[in-house]
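Each remark here refers to the structure printed beneath this line.
The values are calculated or read from the model by the stated rules, or taken from the named source; none is laboratory data. Quantities reported herein were computed from a predicted structural model and do not represent experimental measurements. All Cβ positions, even for glycine, are placed from backbone atoms using ideal geometry, and neighbour counts span all protein chains on display. Just the protein is used for accessible areas: all its heavy atoms, side chains included, with ligands, DNA and RNA removed. Shrake-Rupley method; radii C 1.70, N 1.55, O 1.52, S 1.80 Å.
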Amino acid sequence: MTGPLDGIKVLDFTHVLAGPFSTRIMGDLGADVVKIMSEARHGPDGGTGSPYHVMWNRNKRILQLDMTQTEGKELARELCNQADIVIDNFSVGVLDRWGIGYDTIKKENPAVIYIQMSGMGDEGPWSSYVSFAPTVHALSGLTYLTGVPGREDIGIGFSYNDHQSGLHGTVAILAALNERLKSQKGQRIELSQFEVGVTLNAVALLDYFANGNTVSPSGNQLPFDSAQPHNCYPTAGEDSWVAIALQTDEQWNMLVKLMDSPEWALKSGLESVDGRIAQLEAIDSEISEWTKHQNGKELMEMLQEHGIPAGYVQNGNDLVNNDPELQASGFFFDYQETHPLLGKIRGDRLPLRFKRQNVSSYNRPEIFGESNHKVLKDWLGLSQSEVERLEHIGTVK
Amino acid sequence: MTKHSTTSDQYPLSGVRVLDLADERAIYGAKLLADLGATVVRIESSTGDPLRDRGPFDNAGESLWFNYYASNRHIIILDPTDEKAKTELKHMLRGTDVVIDTGSLESRGMSLEDLESLNPHITYVDVASFSKTGPWRNYLAPDLVAGALGGAAATTGDTDTTPLKLFGDQSFLVSGVYAAIAGLAGLFQSSRTGLAEQIDISVHETIVSTLEHVLMIAWYPEFVSYANGNVLPRRGSLHWSNAYQVVTATNGSLMVTPTPDVQKQIAWLAEEDLHEDLLDEKYNDLSLRQVFIKRLMDIMSKWVRDKDAETFFHEAQARHHPFGLVMKPNELAENIHLESRSWWEDYKVANGVIKGPGSPYRFSRSSWKPPLETTVPHQDSEAIMRDIGWTK
């Protein structure tokens, strides 16, 4: 493994998405990530044979420990003592009950950076509340604000806040790691996934505090800025759409020209964005008539060639099979090694392209216990016979 | 946990110098570094920063958008066409640890080698809408278009709506956080190796990397039997797993789910004698798993309909069920949990201060930097650079 975090040891007590996404990034950046797992209690992401797990757990070595055993807890504590970073997104208190909470670990490893990525944070009346990404989306306003007028039951169609929590957690860890270079000291970081979600709606909250406005869901229209046309329009084919997002009156003039200057588009008032916003529904309806029999990709290309911001609405199949941009940049790749349970698997690269450092090494996701011996030798110096003894008594599986 | 420090050397990034040349695609990355205590200079042209035109605005016409995303900056006016400005920019680059850019240095003809000749330790983060040599490199991609091409829009919305953009500039908040990660990773690397680095970021790739199940279903369609081929069409709030959904209750809406303990959820329904056939042995057949989940979600939706949304949310959470109340901005602004954590910050505007979001993370030994600076630009760049000690 090479990369900016080469030599940094990360001990990973995470599951589902937010925590694993953060440790995936650190592994991609060259850190030695050891993920503690248990086949008996693998959580909702389905275990190491699950495609969901496979998506977020490459570039990590898996050590299977029985944390119900005293020896399992003791091994975990010794691993914590070797770690530069300990990351935890289990429920608050789980690691404390295992005897590896920050206050315990820092006594023997004062340089450790220890991050707890909880749902609601350490303190406060909701601190014991449990959450998954859809919970946080609802509570943080992300569900309410992403939708169409008159509805509050749509929201974001994927676990966006889990990704953002993983990304923000990585920012905090890297900031603490840089700080440690100067101070030689570690620290604990508390991340609230709820507060990450609220932060992502900052402008709506500032508008409320400054002006008393509660912004409503507005579909594809911009609630605070003037832009029109600004929507997704149907194109030929099943569930096929093109997004058009004009930013200037010049772009509108060009669009009118490309539509062969239809009578409706030449009406007085439409040359200004305010005039177009006043006729929003009528304009959207006319543009839909113009787009609906056209090929979405060709229409996008034609509009972009003329300086009009437009994008074909791509689904997962488009992304992995037909996206010329991702194909050209080599964004997707085949893992060199087949997965023991899933066979040949694919991945998406870290979207950070280092010009000098070689950061393009991707080890396939491991299965339960695959690195037991290697991790315990590399991190704790245990011999093969010692690990075999631990396997025999079921501490290591 | 420390919220604010009384001394500037207790910020995690105290002493780190960042040059912010970013537009909306990466300004959030520069903000994250600024709020972590880096000294951040942002360059504005004499004709003004176009991001000052982003709404919402306060009653004095000041952009709240800009005030938030340009917090904790020293804003300096430098005209890109001015020869003196070019010299000043080079002077700044000599003292810069991290540059967060969206193509402006490249448009001035500066390469990594040029930057390195000025400063052998510099980390240069350059964010573009697409890869620099790809077929879409010249495409214009504001947030709606970025989300459409990136796969977020196709997955958001309902069967009876168009594909939807996410609220705000979420596409650029993703690329922005990646920019901060790139800057910090480069800074760490440079501190250890002493070498310069350039890290290019495509907004498009960042969005594709954060779609949860979308790539998984495209690659493993057999894993989700109810997908349409290798795509799960947008479906409102219904999670890809079928086990989370927003439903209408009394006086609001609730996100309900039987996870992570389905048996516990059924036991709760049974307490109210509403479990219907959920305990039927036929559901032990794993091939009926999705039928069972749908049946359970249907029963839960009916069950919640007559409940008061807020009261029932707290009741569910008291039982450790991860239900979520659908909250609006005004409700968040009055939220007791955030208030009790003293989470909100005061942001300086021309007319005084307004409340706004605080930090999503807290450090035990370092602190987050409160947004003390106004976003008023400074004309005398040399004086400002001298004041903040940015010399090399």
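Test A:GLN116 against the stated conditions and say whether it is in contact (Cβ under 8 Å) with a residue 24 or more places away in the chain, in a strand (DSSP E or B) and assigned by TED's automatic domain parsing to the domain that holds A:SER22. Spelling it out, A:GLN116 is indeed in contact (Cβ under 8 Å) with a residue 24 or more places away in the chain, in a strand (DSSP E or B) and assigned by TED's automatic domain parsing to the domain that holds A:SER22.
Residue pairs whose Cβ atoms lie under 8 Å apart, separated by 6 or more positions or on different chains, with the first residue in the stretch B:367-392 and within 30 Å of A:GLU190 (Cβ to Cβ) and the second modelled with pLDDT under 85 and of a type in the set (Lys, Arg), are B:SER367/B:LYS3; B:TRP368/B:LYS3. State the number of residues belonging to the stretch A:344-397 that are at positive phi, out of contact with any strand residue (DSSP E or B) (no Cβ under 6 Å at 6 or more places or on another chain) and touching a residue at least 60 places away in the same chain (Cβ under 8 Å). Total meeting the criteria: 1.
Note on the stretch A:277-394: enclosed helices (runs of 4 or more DSSP H) holding 3 or more residues that are more than 11 Å from chain B (Cβ to nearest Cβ) and under 30 Å from A:THR248 (Cβ atoms) are A:280-291, A:296-305.
Candidates in the stretch B:147-157 are the residues that are facing another protein chain (nearest Cβ under 7 Å) and part of a helix (DSSP H, G or I); of these, the one that is farthest from A:ARG353 (Cα to Cα) is B:ALA148. Look at the stretch B:63-78: where a residue is within 12 Å of B:GLN379 (Cβ to Cβ) and a partner is part of a helix (DSSP H, G or I), sitting 6+ places away or on another chain with Cβ atoms under 8 Å, you get B:ILE76/B:SER381; B:ILE76/B:ILE384; B:ILE76/B:MET385; B:ILE77/B:SER381; B:LEU78/B:ALA85; B:LEU78/B:GLU88; B:LEU78/B:LEU89; B:LEU78/B:SER381.
Open to solvent by less than 10 Å² (accessible area, probe 1.4 Å) and at pLDDT 95 or above, is that true of B:ALA154? No. Scanning the stretch B:269-295 for residues that are part of a helix (DSSP H, G or I), of a type in the set (D, E, K, R) and within 42 Å of the chain's Cα centre (by Cα) yields B:GLU271, B:ARG289, B:LYS294, B:ARG295. Taking B:GLY176, is it within 24 Å of B:GLN245 (Cα to Cα), among the small types (Gly, Ala, Ser), more than 7 Å from chain A (Cβ to nearest Cβ) and outside any loop (DSSP other than H, G, I, E, B)? The answer is no for B:GLY176.
Would the stretch B:158-165 turn up any residue that is touching a residue at least 40 places away in the same chain (Cβ under 8 Å), buried (at least 18 other Cβ atoms within 10 Å of the Cβ) and of a type in the set (Ser, Thr, Tyr)? Among the residues of the stretch B:158-165, not one is touching a residue at least 40 places away in the same chain (Cβ under 8 Å), buried (at least 18 other Cβ atoms within 10 Å of the Cβ) and of a type in the set (Ser, Thr, Tyr), which makes the answer no. Report yes if B:GLY352 is under 21 Å from B:ALA70 (Cα atoms) and free of Cβ contacts under 8 Å to residues at least 40 places away in the same chain, otherwise no. When the stated conditions are applied, B:GLY352 passes them. The single condition among (1) away from chain B (no Cβ under 14 Å); (2) closer than 30 Å to B:VAL224 by Cα; (3) open to solvent by 30 Å² or more (accessible area, probe 1.4 Å) that A:ILE36 does not meet is (3).
Of all residues in the stretch A:224-253, those satisfying the criterion of being out of contact with any helix residue (DSSP H, G or I) (no Cβ under 8 Å at 6 or more places or on another chain) and either open to solvent by less than 10 Å² (accessible area, probe 1.4 Å) or more than 7 Å from chain B (Cβ to nearest Cβ) (or both) are A:GLU238, A:THR248, A:GLU250, A:GLN251, A:ASN253. Listed here are the helices (runs of 4 or more DSSP H) enclosed by the stretch B:81-135 that have at least 3 residues being touching a residue at least 60 places away in the same chain (Cβ under 8 Å): B:83-94, B:112-118. Restricting attention to the stretch A:54-109 and to residues that are over 29 Å from the mean Cα position of the chain (by Cα) and hydroxyl-bearing (Ser, Thr, Tyr), the residue that is surrounded by the most Cβ atoms within 10 Å (Cβ to Cβ) turns out to be A:THR104. For the stretch B:322-364, the strands (runs of 3 or more DSSP E) that sit wholly inside it and include 1 or more residues that are more than 7 Å from chain A (Cβ to nearest Cβ), over 20 Å from A:LEU191 (Cβ atoms) and basic (Lys, Arg) are B:345-349. Consider the stretch A:168-216 and keep the residues that are in a loop (DSSP other than H, G, I, E, B) and open to solvent by 10 Å² or more (accessible area, probe 1.4 Å). The one that is farthest from the other protein chains (Cβ to nearest Cβ) is A:GLN184. Condition test on A:GLY155, is it facing another protein chain (nearest Cβ under 7 Å), modelled with pLDDT of 95 or more and in a loop (DSSP other than H, G, I, E, B)? So A:GLY155 fits the description; yes.
Scan the stretch B:190-249 for residues that are crowded, with 23+ Cβ neighbours inside 10 Å, more than 7 Å from chain A (Cβ to nearest Cβ) and under 25 Å from the mean Cα position of the chain (by Cα) and jot them down. Scanning the stretch B:190-249 gives B:VAL203, B:ILE207, B:LEU232.
Would you call B:ASP285 at positive phi and either modelled with pLDDT of 95 or more or not assigned by TED's automatic domain parsing to the domain that holds B:GLY157 (or both)? Here the answer is no, as B:ASP285 does not meet what is asked. In the set (1) out of contact with any helix residue (DSSP H, G or I) (no Cβ under 6 Å at 6 or more places or on another chain); (2) away from chain A (no Cβ under 12 Å), the condition left unmet by B:LEU274 is number (1).
Tell me the residue from B:ASP387, B:ASP306 that is within 30 Å of B:PRO12 (Cα to Cα), of a type in the set (D, E, K, R) and surrounded by fewer than 19 Cβ atoms within 10 Å (Cβ to Cβ), please. Just one listed residue meets the conditions, B:ASP387.
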